[in-house]
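Some notes on the structure that comes next.
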Amino acid sequence: MSSLIAFFSRFPRKSRAVFGTGALLLALSSWYVFDPASSGEGFVASVQREEENTSTLSDWVDEKPIVTDEANGVPQPEGEEAFPVLPPPPAPSLARMKTQGCVADGFLSGYGGDVNSSIALINRSQCYYLHRALETWLRPPDFKLARKIQSKVTKPNTVYGMFIAEAIDTKSNYFYPAEKRDFEFAEMCRQGSKNFWGEHTCKPSLEREEYRKYLRSITESAMDMNVQVFLFGQVFYQDAGDLSHSIMPEVIREMREYADFRGIDILIGAQTNDIADEAYLRQFDFIEGGVGLSQEGRVEEGPCFSRWYEKPGDWCWALLWNQRFKSKANNVFVHFDWSGKVGDDMSVFTRMTQDERARTLRDLRAYFLHRDVGFLMPVLATLHRDNNGCHGAKERFYSASRKYTCQDEDAINEILKSQKP
């Protein structure tokens, strides 16, 4: 099937839509269709035994791919790891995402230190949408690993999200199948952003053709494995410096064109912070940001978080449920923000008692859903290693699993069972 996609990819993008879904459906009727159950019961049993066992990321990376076209006798392009294109899933429901959405940061990327435990947690959960499940922060996506993890999720019609990060490592190695070469990550950088996130890092810019090619490659590969929600991190770093000359409409058009070719429905969102241009915001299906959590479990109602904003001219950390932003956007999602520093939302949350955390989640869900804002439940997220609160398998990572010290999953599942606030 990857060879079929490669064949169609030779055509201009507008021509692909002509072939469209019909060609794929015809192909799917005669080509191999990926079946997660075909990978055997051995691993499923290991997930069920996760209370006794701990898996590291290296346990997964060293395994053979679940299946490739080469394994089915189809020639594999040199240097490219081909994977089967999955049958189209149902369209994602924004309404259900708002009531049963969960932050599962890096779930498909092996974040957190114990992959088996994370899979078991997701399989026990009431989560419908897994926000930021596929990560790209300073590291290109590993689709072999992502597909392995995805194949072990037993919850039908789970919706996966991909985070398109505003941070890249200029020394990354990643193959570009369309041109049979490695990407040049140093050519993706916004001018003046060298080492912004640390040594040999930068902010990528959509004004750079190499970054556009990289985005096209990874988002299409993600759609091939039925990732349906895409979030651009801090989009003002990635888009043109002057948003009146935004490149984002063309990027969105190309993504939707490939989704149409594949016959799947996708949603595209962005972290827009205090951008208040309605035309710009409405090109996205949703905008997303943090809540600014207090130690008492409360949030503010103003447009800007008072931690940094006292008077006009101060930096605005936007509270997107405020009408300044919400009234100009199609949909809004919020969550406990994390920067990996002590004092961020996830830091405050994990230093509460278990009862305080449960109460905070119930109260905030009701508060936001009453305003038609989706509040994403924390299930997997990053922490500072010296946060001194509850955590998952590693001190620098939060897991709601009953296996670790936070043990929030039962409370979260009970909350998610209720479709109304």
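The values are calculated or read from the model by the stated rules, or taken from the named source; none is laboratory data. Treat the numbers as computed from the prediction; the structure is a model and nothing was measured. Note that each Cβ is placed from the backbone with ideal geometry, even for glycine, and that neighbours are counted across all protein chains shown. For accessibility, only protein heavy atoms count, side chains too; no ligands or nucleic acids. Shrake-Rupley method; radii C 1.70, N 1.55, O 1.52, S 1.80 Å.
Give the calculated FRET efficiency between R256 and R359 to the nearest 0.05, with a Förster radius of 41 Å applied to their Cβ-Cβ distance.
The calculated FRET efficiency here is 0.50.
Using only the Cα atoms of segment 72-178, construct the convex hull and provide its projected area averaged over every direction, in square nanometres to one decimal. Mind dumping the intermediate values first?
Values: hull surface 34.2 nm².
Dividing the Cα hull surface by four gives the mean projection, 8.6 nm².
For F397, enumerate residues with amide H under 5 Å from its amide H, sequence gap 5+ or separate chain, H modeled in the peptide plane.
Those qualifying (amide H under 5 Å, at least 5 residues apart or on another chain) are L383, G392.
With N denoting the number of residues in segment 275-385, provide Rg(C-alpha) divided by 2.2 N^0.38 Å, to two decimal places. Intermediate results must be reported in sequence, preceding the final value.
Numbers: Rg = 14.1 Å, N = 111, 2.2 N^0.38 = 13.2 Å.
So the Cα radius of gyration is 1.07 times the expected 2.2 N^0.38 Å.
Step through the residues of segment 96-111 one at a time and calculate ³J(HN,Hα) from phi using the Karplus curve (6.51 cos²θ - 1.76 cosθ + 1.60, θ = phi - 60°), rounding each to whole Hz and writing x for Gly and Pro.
The phi angles translate into 6, 4, 5, 9, 9, x, 9, 6, 10, 4, x, 4, 7, 9, x, 5 Hz.
When every alpha-carbon pair in segment 147-240 is counted, what percent end up more than 15 Å apart?
For segment 147-240, the fraction of Cα-Cα distances above 15 Å is 64 percent.
Pairs K203/K328; K98/K194; K180/K341: which exceed 31 Å Cα-Cα?
As for pairs spanning more than 31 Å Cα to Cα, those are K98/K194; K180/K341.
Which order do peptides 170-180, 398-408 fall in by mean Cβ count within 10 Å, highest first?
On the way: 170-180: 14.3, 398-408: 22.5.
In decreasing order of mean packing, 170-180, 398-408 become 398-408, 170-180.
Rule-of-thumb check for segment 209-294: C-alpha Rg over 2.2 N^0.38 Å? Please list the in-between numbers first.
Working: Rg = 13.5 Å, N = 86, 2.2 N^0.38 = 12.0 Å.
Scaled against compact globular proteins, the figure is 1.13.
Between E310 and D410, with labels modelled 7 Å along Cα→Cβ, what's the label distance in nm to one decimal, could you check?
If labels sit at E310 and D410, their model points lie 4.5 nm apart.
Please list, in chain and number order, the residues 5+ apart from T201 or on another chain whose amide H is under 5 Å from its amide H, with Hs placed from the backbone.
Amide H to amide H, under 5 Å and 5 or more residues apart or across chains, T201 pairs with T170, N195, F196.
Leaving out ligands and nucleic acids, note down the accessible area per residue over segment 108-201 with a 1.4 angstrom probe, in whole Å².
38
How long is the gain from N322 to S418 if the chain were fully straight, where each residue apart is worth 0.36 nm and the alpha carbon distance is subtracted?
Full extension of this stretch gives 32.1 nm more.
Could you derive backbone 3J(HN,Hα) for segment 216-223 from the dihedral phi with the Karplus parameters 6.51, -1.76 and 1.60 (θ = phi - 60°), listing whole Hz in sequence and x where the residue is Gly or Pro?
Rounded to whole hertz, the list is 4, 5, 6, 6, 5, 5, 5, 5.
Using modelled amide H (1.01 Å from N, peptide plane; none on Pro or chain starts), what sits under 5 Å from the amide H of Y174, excluding residues fewer than 5 places away?
F183
By average Cβ neighbour count within 10 Å, what is the ranking of 256-265, 133-142, 99-108, 368-377 from highest down?
So the peptides 256-265, 133-142, 99-108, 368-377, ranked by packing, come out 99-108, 133-142, 368-377, 256-265.
Suppose a student asked you for the relative contact order of segment 139-222, using Cα pairs under 8 Å spaced at least 6 residues apart; what percent would you report?
Once divided by the residue count of segment 139-222, the mean separation gives 27 percent.
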